[in-house]
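What follows is a short report on a single structure.
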Amino acid sequence: MSPKDPGPAISPRKCHGGSVSTPLESWVEESARLTKPAKIVWCDGSQAEADRLVDDMLRDGTFIQLNQKTFPNSYLHRSNPNDVARTEHLTFICTRKKEDAGPTNNWMAPEEAKDKVRPLFDGAMKGRTMYVVPYILGPATSPYSKVGVEITDSAYVVASMRVMSRMGKAALDRLGSSSDFVPGLHSLGDLDPERRFILQFPEEKLIWSVGSGYGGNALLGKKCFALRIASWMAREQGWMAEHMLILGLEDPTGKVTYMAAAFPSACGKTNLAMMVSALESQGYRVWTVGDDIAWMHVGSDGMLRAINPESGFFGVAPGTNGKTNPNVIKALHHDSIFTNVAMTESGEPWWEGLDGDPQESLVNWKGEKWTSSKGPAAHPNSRYTVPAKQSPSISAHWEDPEGVPISAFIFGGRRARVAPLVYEARNWQHGVFVGAMMASETTAAATGAVGVTRRDPMAMLPFCGYNMADYFRHWLDMGPKLKHPPRVFHVNWFRKGPDGKLLWPGYGENVRVLKWMLERIEGRADANDTPIGYVPTRASLTLEGLSVSPGTIEELLHVDSNDWAEELDATGKFFEKFGKRLPAEIRAEHNALAERLQRVSLTPK
Ligand code: SAT
Ligand code: MN
């Protein structure tokens, strides 16, 4: 360190009296030696601290004030235009053995990864503030919650972590002088994609992220910890960390049945979790527990118990409006952060699909005066960040320490063809296979081509912190540990007709499908036994008040043997990647489906 650069004053915090450093203090010290910040701030999560951060960010342009009458305490952040989505090709699982990361993850050996990326952290925080952000994933009093600490030089990340997790003093209190936390070192670096790396070290439960300030790359509690590191922990410890929303479906008697649903990023998890039910007048309501991630343990009652590790929603803005998600529209009118949306003349956030046509007076997501030649005004992956408790749909049980009991798993994705509106798996093992063969068309949530169908088992392809063959094994093993394993369903809201139009209206009408699931769970709804599983009979669906023709319903429920034979082929090729590590049960289910399809195609019509 040069004489001009005395380095930061360490240990501004004396919470444990003695002079021996806690593991947290040692790690902060070590990180400061590497990144050489001008100053270190330990975040306590208080309102005063948040206000100071906002002032700083308004001053340096990181935050732009929105209309404080209609959007009090809400701000717009514009990320670097080269840094607007997760970068899966720059995301690595760093395990000692390559096979432990598996064929679907990018891999680097831990020491090689550190040698490569350490120089990018060296001096990266010179002249910047290093924030130490302690956070709890999960309700503060839950035995299932876990502590993480993110070190970052981005004030936007701090403000976002304050919404998305229980950040600050509560986390330090829970941690005490223990070493039981997941450290995550983050620096914006120079934001050059050539020098951007998102590294997970699951064996030592460590995260390094450099070169991106965006969402899942930078809010390390989210995908890096709550999914990649946690999925590894969950297998070690016998629980599940899944890319799932959690909702409660209330029936006319007031009974609430909880369901968890895995869809890939930007496929409608937030909207489903926060749905205003089209059957509300019949007594069916949806309550939100979580919109993105579920941590689930075997409860003492033999049910799978789910907590939401997060405390906010980081949702896709485009397409969100008073019809598609009225609850979030109500929630985001205060204390919210908007990222890469457009802004109206009166300083309100705007995005495609909000309402009306874009006005010429808009400023687009890059801060330029918008014209139609400039493409969408809001980036397709622009986001709102909203505290969960602000949603009118938030469940009274969303912070229950024991979690809510899960009665159904729902898998789904965007499929223009093949997958029917809904079907139910035959049993747990078949359900795991249904999840394992999931596929979806890619979205703007990650960089790369949009609309390409890819296999995305359990919507975990970008988030599983270990070999997916072992992940399937873990899933198979979890079922028998449960007295009441969740029933497994698959949905597809995105099936299209020959004219290319969506067949199903979606959004609030999706409650009709949830109601069918509930009635299956209760043994009351009919289904046809098809090669792929149980598909509703037309009569078993509640369709009153819906203007969808009987022909369209038939199309929605149709199981086409040829399409499925192709699907089976594609799945088979995907499974081949895992070689001998693929559990025999998955192979057996694959063969059984092939046989059932064969039988149907041989049956005279
Ligand atoms: O940017 S995030 O990874 O948090 C959003 C998503 O892709 O689900
Ligand atoms: Mn997600």
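Coordinate-derived values only; no laboratory data. If you're wondering where the values come from, they're calculated on a predicted model, not measured in any experiment. Positions of Cβ are backbone-derived with ideal geometry, glycine not excepted, and every protein chain shown enters the neighbour counts.
Each residue of the stretch 31-36 was assigned a 3J(HN,Hα) from its phi angle through the Karplus expression (A = 6.51, B = -1.76, C = 1.60, θ = phi - 60°), giving 5, 5, 4, 6, 8, 6 Hz with x at Gly and Pro. Length gained on full extension, residue 73 to residue 581, computed as 0.36 nm times the residue gap minus the Cα-Cα distance: 177.8 nm. Length gained on full extension, residue 588 to residue 58: 184.9 nm, using 0.36 nm per residue less the C-alpha separation.
In order along the stretch 593-602, the phi-based Karplus estimate (6.51 cos²θ - 1.76 cosθ + 1.60, θ = phi - 60°) of 3J(HN,Hα) comes to 5, 4, 5, 5, 5, 4, 4, 5, 5, 8 Hz; Gly and Pro are listed as x. Compute the Cα gyration tensor for the stretch 19-118, then decide on rounded, prolate or oblate, letting a ≥ b ≥ c be the square roots of its eigenvalues: rounded whenever a/c is under 1.5, prolate when a/b is larger than b/c in the other cases, and oblate in all that remain. Because a/c hits 1.5 or more and a/b fails to exceed b/c, the stretch 19-118 counts as oblate.
Fewest neighbouring Cβ atoms within 10 Å first, the residues 166, 52, 473 line up as 52, 473, 166.
Scanning residues 5 or more positions from residue 412 or on other chains, those with amide H under 5 Å from its amide H are 262, 491, with H placed 1.01 Å from N in the peptide plane. Take the alpha carbon gyration tensor of the stretch 386-454, find the square roots of its eigenvalues, order them as a ≥ b ≥ c, and report rounded if a/c is under 1.5; if not, report prolate when a/b exceeds b/c, else oblate. Oblate shape, in that a/c is at least 1.5 and b/c is the bigger or equal ratio.
A cut-off of 5 Å between modelled amide H atoms, ignoring neighbours fewer than 5 places along the same chain, links residue 527 with 537. For residue 67, the residues whose amide H sits under 5 Å from its own are 348, ignoring neighbours fewer than 5 places away on the same chain, with H placed 1.01 Å from N. Distance between the modelled labels on residue 97 and residue 115, one decimal in nanometres: 2.2 nm (7 Å Cα→Cβ projection).
When each of the peptides 271-279, 240-248, 504-512 is scored by how many other beta carbons lie within 10 Å of its residues on average, the order from highest to lowest is 240-248, 271-279, 504-512.
At 222 nm, what helix-only mean residue ellipticity would the chain give, in deg cm²/dmol to the nearest 500, using -39500 (n - 2.57) for each DSSP H run of four or more?
Working: 16 runs with 157 residues, N = 605.
Here the helix-only value at 222 nm equals -7500 deg cm²/dmol.
With the simple model of a label 7 Å out from the Cα in the direction of the Cβ, residue 524 to residue 46 spans 5.3 nm. Other residues within the sphere of radius under 14 Å centred on the Cβ of residue 587, judged by their own Cβ, net out at +1 (K and R +1, D and E -1). Taking the number of Cβ atoms within 10 Å of each Cβ as an exposure proxy, the fewest-first ranking of 600, 20, 491 is 20, 600, 491. Taking a ≥ b ≥ c as the square roots of the eigenvalues of the alpha carbon gyration tensor, the stretch 184-331 is oblate, as a/c is not under 1.5 and a/b does not beat b/c.
Checked against a 32 Å cut-off, the cross-linked pairs 205/496; 222/481; 114/269; 98/501; 97/366; 116/577 give Cα-Cα distances beyond that limit for 205/496; 114/269; 98/501; 97/366. By other beta-carbon atoms within 10 Å, ranking 135, 423 with the fewest at the front produces 423, 135.
Between residue 389 and residue 569, what is the FRET efficiency for a Förster distance of 56 Å, r being their Cβ-Cβ separation, to the nearest 0.05?
0.75
The modelled label-to-label distance for the pair residue 333/residue 122, using points 7 Å beyond Cα in the direction of Cβ, is 5.4 nm.
Applying 1/(1 + (r/R0)^6) with R0 = 22 Å to the Cβ-Cβ distance of residue 203 and residue 454, what FRET efficiency is obtained, to the nearest 0.05?
0.20
Multiplying the residue separation of residue 416 and residue 477 by 0.36 nm and removing their Cα-Cα distance gives an extension gain of 18.7 nm. Here the Karplus curve 6.51 cos²θ - 1.76 cosθ + 1.60, taken at θ = phi - 60°, turns the phi angles of the stretch 193-210 into couplings of x, 5, 10, 10, 9, 10, 10, 10, 10, x, 5, 9, 6, 9, 10, 10, 9, 9 Hz, with x standing for Gly and Pro.
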